[in-house]
Every structure is written in structure tokens, then in C-alpha cells.
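Here's the structure we're looking at; comments come further down.
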Amino acid sequence: MSEITLDTLKPGDMARITKVRVKGPARRKLLDMGMVAGSEVELVRKAPLGDPIEFQIKGYHLSIRKEEASQIFVQKIE
Amino acid sequence: MGNTKIRVALAGNPNVGKTTLFNAITGSRQHVGNWPGVTVEKKTGVKTYRGYDIEITDLPGTYSLTAYSMDEIVARDYIIEEKPDIVIQIVDASNLERNLYLTTQLMELETEMIIALNMCDLALERGDKLYIDRMQEILAAPIVQTVASRDIGIDELLDRVIEQKQDDKYHGREIGYGDVIESKVLEIEKILLTDPSLQKKYPLRWMSIRLLEGDGNVKAKVEKSPVSKAINQLLASIDQEEYEAEIADKRYVAINAIFPQICTRCNVRLTKSDMIDRVLTNKYLGIPIFLALMWGAFELTFAFATPFTDMIERVFVWLAVNVSSGLEPQWLASLIGDGIIGGVGAVLTFVPNIFILFFLLSLLEGSGYLARAAFIMDRLMYKIGMHGKSFIPLLMGFGCNVPAIMAARSIEDEKDRLITILVVPFVSCGARLPIYILLAGAFFGRQAGTVVFFMYVLGIVVAVISAKLLRSTIVKGKPAPFIMEMPPYRVPTLRTSIVHMWDNGAMYIKKAGTIILLGVVIIWSLASFPWGIEYGSEGSYVGMIGHFFAPLLEPLGFDWKMTVALVFGLVAKEIVVASMGVLYGVGDNPAALTTSLIADPSITALSALSLMVFSLLYMPCVATLGVIKKETGSWKWAIFALIYGIVVAWLIAFLVYQGGKLLGY
Amino acid sequence: MSTTDKMLFALIMGCSYILIGMVQLITGALKALSEASMTEYAGHVIADGLFIPPDIIAGMILMLIGCVFLYGASEIHSGVHEGVAYVYVGILLSLIFAGIYVLAATGDLLEAHLLKNEEYAGWSILDALRPEIYLGVLSLLTYLKWKDSFEVAEN
């Protein structure tokens, strides 16, 4: 199965994180918030202007910008 | 005999009801201040219970205890350095998985822990099954179920605190990170052991793990020790990013292992919160609803505050008349009447607005809508170099810059917050409106509305350009990443909102008030001396200052009277109008002032426009300067805001006036 | 209550909010644009009869609330069960704005009767009555009636 990035998902899509390539302090924060390899995420919705994006992860809702999402690699769960 | 003291720290994620629990325990006996050296709010309170004085410190709400933000550093430094007797972690029962992440980190700090399982009602209501006994066993910490918003479980929590204090045994537990990491941890521990002083101060295992994660703050703590060289060597040999991810991962693995044993949930269906969100962040309706709610908040702030503002004004007018009339000598009467009572009155008339604004802000925050506001506006704000969270403070600036700057506190990133604080003063606050109304009304007739609207737009444009400019010069870098929890919507608790309102209102009166008072007395002295002249007239020091600066402001089309009025505007911008009244000798009569302004040959429509532009931008009023100083922690930024404002105002007013002249107006 | 009832309610509320909002917006715009007194404007009977003060922004907000209701009605009509969420939020919004104007009226009341401010001389409780308030009361009654059905629908 091919690897895609988190920002290419559509609302309602589920995926499993394979790799977090974000650098800098954002990386630390994302890891703390549960964006670790193996976590399941669901794209809940995009903001009215298309960015940021809201995900469901570890039983709560987290929103991040496309910029960070495009550096998080996932495998889509059908 | 004095009571035994127990020092307790409250830790927990944001949005888990930490403040509500803190208020429920301490009631009104709390003290709000700042943590030393930083602008993070520190709250402490004391509760006397069963013969013990339980001193509670509310740590900043954090998701983790790394060095990501000031909040996290403050929270963990308090636990490590001040060593409270007991740390209570407030855990949101309806969101255990992420909340336990902080628990795994608290465990490593080797402190006695009690877990307050808050909002149990919500979790149970939606059908979660919680196995409390199993949880106590696994986490090796007492667990108390609480519903802070309804005062449930508070006494039991305090009982546990006392029990835990009486029991000297340390109940510790830690999680394992797997062979690879554990062997590195051991290696580092071995090196650290050679420095006993370090070992005495900080938990060994915690230090080792943090060093492996590349924690700069802990590294700095080790830097002074003789072992730092060996540590650095070891750290240089590993891929820290890899370890960082691995450690976070292992924590979640540990949580995943225990989670199914302590909680089984059956619901994943559409909740009420999701339903509301579907509408409030709707592609087409989201932004209009947001703007409508904000407008409503303003409408309410001003409409509901008016009678209270009026009452305060009346009290001060009465005071000024009655107190100063009987006083001798005359200068004292003037100082107290015109200066102090007038000045304090000017400060206090803002208070109703500030109280209501903060009450509403707290409702927005407590309901969870503030996070959505940032979510909705982030893209727009990011384009101009700011964070989604900056939008609300900027918007509040239209009411009054003072609470707007205080509201910037919700922005965690220092740079993002600084930029917000520095550009808020360009947003045209309510106090500037009387100036526009007077001048636009006198010189622009039917176009007055358009001119006033243009002033508001100009303020926004200058704020946006300033933000961009600051981003590329003094406060370099990109806005902080937007990584934000969208907490479920809740009905905010009234007590929390009232406490929040009271704290911020009191802070304004106390801190800003003293600075404003000082400013007012200075202005009064300038306007009253040399003694014997009419208050604020041409012969006073203010008049002299006006004359002195007049050449500087001449290219903008101002005469000395306008300059003097602008000096008075420092106290509060609405005073510009009042002092023009004094200077034209018409007092408090707007109609007469309008007539004499039109009659004055030195003011043309163009110079009036220039004056409006200058008043909009030239400098934050004393209250705003005071708050900038307080919120940034130094005079440096207050002075910067002052000078930057004057320069920008001069340049733009110059462009308007000279450009207008070139065009033949 | 069935979803059909909710759809009908949303339809009625949506139309009332949009129509009244339009009247408010138009009268507000006319007032801002012309110096002419309101009595010269032909539709003033409707505006006065329904206690609609001329107000551009308030008119736009009324129309927005109407849109939320109508959006919900159309979603329910096309079989999307979540359309109920729009009805719920529509009711919530109408309650919030009703609350705002009730509090604002309290402020005016204090000005007129406690402080006896000259600018508020002759102010009566009828001046405070505006569409936000009476439509809000309608919403409140409906909400109280349907409260439980919303709970069931969400769980």
C-alpha cells in the first residue's frame, strides 16, 4: 500500500500514521499530542478557508495546519 | 498551635476543568500573580481542612512536560525544584488516553500523586465503563472521582491529600521504554551518578530520559556539571530525533496496554458537540456566525456597560466638585479635582467594559468556542504573519485596547504574543471615535460616515502592515505552528467566568491604574504650571510643549492648539476633544466647538483629516502603555510602541496632508 | 418529535428570520442613506407593526440565523439526518441574540429609570421589544418542548 501524507485525506477518511517528518519544536508538540507512528487518525473537517484541518486522534479532536500535515506520512485504512 | 501545612500542586491538560476544580477547592481565598520572570499566570490558594492548611498552586495547563512552551517549563520546574508534598493530576475521564500521557511524565518526576478523575458524569453518561480499582492498582496512585462544576468529590479529594501526607512511603511507578532506550538510559544514569550534587537535585531517571529526548532546558541544567562533556559525547553519538519519537511512542504504547483494562467505551456515535461543530465551522456559515457572535459581544459590552459607566462618571464629577471646592490652597484643589479625581475617574470608567468583556471572553473560552474561532481565522491570520489566536485580541481592540492586550495572554508563543500586543494599538478603539465624530462632522458633512469608516480601515491596514514588518525585522520567524485541541463544547460554569472576570478587572485597576495615575498627575502638572495661568492654556508648560513641537507637526498641517490637544490625548484619546474645547474656550459644548473649528482659518478639511489620521495612530494612551509594560514584562516594548506609533503616525499624516495639498485640496 | 416537525419548524423560523431581517436591513439602509423621516417610507407600517427598528447589522444577523434554519431544513429534506444540528444551533443562536437584547434593554431601563438620563427620557419597555426578542421566545418555547428529542437524536 502506498504512503500518502495526512493533508491529502478527505473528510471521513481514516489512516494510520507511519512516519512523522516534521522538524523543530512542532515535532515535539505533535508527538506529545499523540501523532506517533501507529496511531489511527480520522480527518474530521477542514476549516472554512481550507486550512487548518481537524483530525480525530486518540479519542479527541486535534487541528493542525496543512504545512505540518503534509510532513506526516500515513497509510489509508479502507 | 498552628495548622500543619500541606503543599499541593494541581497539574493537568488544558480544558479538563482544572480552574473549576481550583476554584471549587479554594473558593475566594486565592492569589493571582505571575511566575517569577515570566508572564505565565500563577494562582495560589489556601484551604483549611480538618486541621490542615492545604496550600494549592495551580500549575499552567499542559499536555506534556517537555520544554515546548513556557507553561510546560514553569509547571515542571515547580514540581522538581519546589517539591510540593503532593501533585494532583486532574484527568478528564472522557478523554483518558491523551490525559494519561501527562501521567506517565509526572510519574518520572518521583512525586506523590493523586488523580482526580474529573467529569466522570460525562463519561458515564455516554456509556463509558471505568474500572477505578484496577486503575489505582496499575497507576499506583489514589483515584478520586470528581465533578468540579458541581462540587462533587472535593472533600474526598482533600481526605486523600491528608492521608497521602500522613503516609511517608513513596508510591512510585514508572513505564518501560524497551531494551534499546533503557540501555541508553542506564548509560546516562551511570555518568550522572558521578556528580552527586546533580543527583540530589533532580530525579536521575527523569534527567536521563529528558536528555535522550534532546530537552534543551535539562541540557542547560547539566551544562554546569563536570559530567557535561561525557554526556554531550554520548548524546552526539545517537540520532536524537529518532529517540524523541521512540520515547513518545513508547509512552503511548504503555498507555495502550493499560487503557483497555481501566476503561471500555461503547460510544462513537455523533455527539452533541460534533453536531454543533458541524454548523459552527460550516464552510459557508462558519465565518458569518463567528462575526455575528463577536458583534453581539460588543453590542452587549457597550449597551450593558453604559449605565454603570455613567454611574461611575457621575460619582467622580460629584467628587471633583464637592471635594475640591472646599479645599485650600487652590493648587491643591486643582490637583485633586482636575488631576487625581479626574484621572482616576478616567481610568475607572473603563472598568464596566473591561469586566463585561472579560466575562464574555471567559464564556467563549469555557464553552470551547475560542478554539474554533482560532481554527476559523487561522488561515487569514497566518497570511499576515500572525496566529489564529491573535484574532480575538485584535477584534477586542475595537472596543478598548487595554483588555485586548490582556486577552493576548491566551497566545502561548512569545513572539506571536508580542506581535499581537504591538499591533493592537493601531486598531481604532472606542475612545477615538469622538475625535472622528467631531472633526468629520465639522468638515466633511454628508461624507462624515465614509471618512470615519476609512479611519477604521486605515487602522486595520496599518496593523496588518506592521505585523508583516515586525515579522521580517524585530520579531523574525514564522508564526508558531497551529497544533490545537478542539475541546468538546460545554456549558461554561458561572463561577469560573465570574472569577476570571474579577481577576482580570482587578488586575487592570491595580496595575494599569497606578501607571495611569502617574501619567495623569504629570499631565496635570504640565497643564497647571507655571502657577497662576489658566489650566491647559497657551502659557502653561503644555502650551509651551505645544509651541515647541508645533514646527515638527507643521508639515502635517497642525497648529499649536492641535499639538497641545494631542499631548492631552496621551491620557486617553477622548480627552483630545475635551482639551480642544478648553483651548477654543468653549468648554464642554460640542456645537460651539464645531462652529469655532470651522471658523478657525488654520484648520482646513485636509488638516482635519490629517489630525484624525494622526490621532488614530500616534501613540497608545497611558492605560495601553501601562498594560503593554505589564504584559511584556519590560518598559522596552512600551517605549518601542510609543516611538513606533509616533513615527508611523507622522509619516502617514504627512503623506495625507502633503499629498492632499499636491492634489490641490 | 419527528424530524418532519423539525423541518417544518426550521422552514417557518428560517423564513420569518430572513423576511424580518430583510425589512430591518432595508429600513436601516434607507435611514442611513436618506435624511427623510421614516414615516415617508411606504413600508414603515410593517416595520412599526412588527417592532422592527432600522438596523443594518442586526438585520444581517437575523438573516444569517434564518439561513442556518433554512440550511437545516434543506438538509433534513434531502435525508441528511445531521440537518437537525442546524436547527439546534439555529435555536441556540436565536437564544443568544435574544439574551443580548434583553440585557441591552436592562441597561436602557437602568439609564431611563434609575439614572434618569435625559437622553433616555420617554423610554418605555415597548422600545426594547424587537424581533430578536420575540422570535427568541418562540425558539425558547420550541427548545423546551423538544429538549429531550434533541438528546435522543444525538446519543
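Where a number appears in this text, it was derived from the coordinates with a stated rule and is not lab data. Everything numeric in this text was worked out from a predicted model, so none of it was measured. Cβ atoms come from the backbone with ideal geometry, glycine included; neighbour counts cover every protein chain shown.
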Study note, to complete from the structure: Ordering B:599-609, B:328-338 by per-residue average of other C-beta atoms within 10 angstrom, highest first, gives B:599-609, B:328-338
Check your understanding: Hey, if you put +1 on the Cβ of every Lys and Arg and -1 on every Asp and Glu Cβ in the protein assembly as shown, which of B:G216, B:M501, B:I340 ends up farthest toward the positive end of that dipole?
Key -> B:G216
**Study point:** Orientation-averaged projected area, Cα convex hull of chain A (nm²)
**Key:** 4.7
Point to revise | Shielding by other protein chains, B:288-297, mean Cβ within 10 Å | key: 5
Point to revise | q = 0.16, 0.19, 0.21 Å⁻¹: log10 I(q)/I(0) that the Debye formula gives for the stretch C:3-146, counting C-alpha atoms only | key: -0.87, -1.08, -1.20
Check your understanding: In µm²/s, what is D for chain B at 37 °C and 0.692 mPa s, where D = kT/(6 pi eta Rh) by Stokes-Einstein and Rh is the Kirkwood radius from Cα pairs?
Key -> 117
Exercise for review: Considering only DSSP beta bridges where both residues belong to chain B, give the percentage that are antiparallel (nearest 5).
Suggested key: 40
Practice item. Work the Kirkwood hydrodynamic radius out for the protein assembly as shown: mean of 1/r over every pair of different alpha-carbon atoms, inverted, in Å. Key: 30.5
Check your understanding: Helix-derived [θ] at 222 nm for chain B: sum -39500 (n - 2.57) over DSSP H runs of at least 4, divide by residue count, nearest 500?
Key -> -19000 deg cm²/dmol
Review point. In degrees, nearest 10, range 0 to 90: what is the angle between the Cα axis of helix B:513-528 and the longest Cα principal axis of chain B?
Key: 20
Review point. If you take every DSSP beta bridge whose two residues both sit in the protein assembly as shown, what share of them, in percent to the nearest 5, is antiparallel?
Key: 65
Exercise for review: Name the helices (complete DSSP H segments) of chain C with a Cα length along the long axis of 18 Å or more and a Kyte-Doolittle mean of at least 1.0, or state none.
Suggested key: C:3-33, C:56-77, C:83-109
Exercise for review: Can you tell me the order of B:369-378, B:440-449, B:482-491 when each peptide is scored by its average per-residue count of other Cβ atoms within 10 angstrom, highest first?
Suggested key: B:369-378, B:482-491, B:440-449
Point to revise | Lys/Arg +1, Asp/Glu -1 at C-beta; the stretch B:151-194 dipole; positive extreme among B:I181, B:I162, B:I191 | key: B:I191
Check your understanding: Given the Cα-Cα distance of B:D159 and B:T450 and 0.36 nm per residue of separation, how much length would full extension add, in nm?
Key -> 98.2 nm
**Study point:** chain B, relative contact order in percent, only Cα pairs under 8 angstrom and at least six apart counted
**Key:** 10
Revision key, fill the gap. Connecting every pair of Cα atoms under 10 Å apart in chain A and solving the GNM, the largest mean-square fluctuation among A:E67, A:E42, A:E54 falls on A:E67
Exercise for review: With a 10 Å radius around each residue's Cβ, average the other Cβ atoms per peptide and rank B:154-163, C:63-72, highest first.
Suggested key: C:63-72, B:154-163
Check your understanding: Once Rh is set to the Kirkwood radius over Cα pairs, what Stokes-Einstein translational diffusion coefficient, in µm²/s, holds for the stretch B:70-136 at a temperature of 10 °C and a viscosity of 1.306 mPa s?
Key -> 121
Exercise for review: Go ahead and estimate [θ] at 222 nm for chain C from helices alone: -39,500 (n - 2.57) per DSSP H run with n ≥ 4, summed, over the residue count, rounded to 500.
Suggested key: -25000 deg cm²/dmol
Exercise for review: Could you please tell me the mean projected area of the C-alpha convex hull for the stretch C:46-86, averaged over all directions and given in square nanometres to one decimal?
Suggested key: 3.6
Review point. Comparing C:L138, C:L114, C:L93, which has the greatest mean-square fluctuation in the GNM of chain C with Cα pairs linked when under 10 Å apart?
Key: C:L114
Study note, to complete from the structure: Measuring from the longest principal axis of the C-alpha atoms of chain B, the long axis of helix B:494-507 (C-alpha) lies at a number of degrees, nearest 10, equal to 50
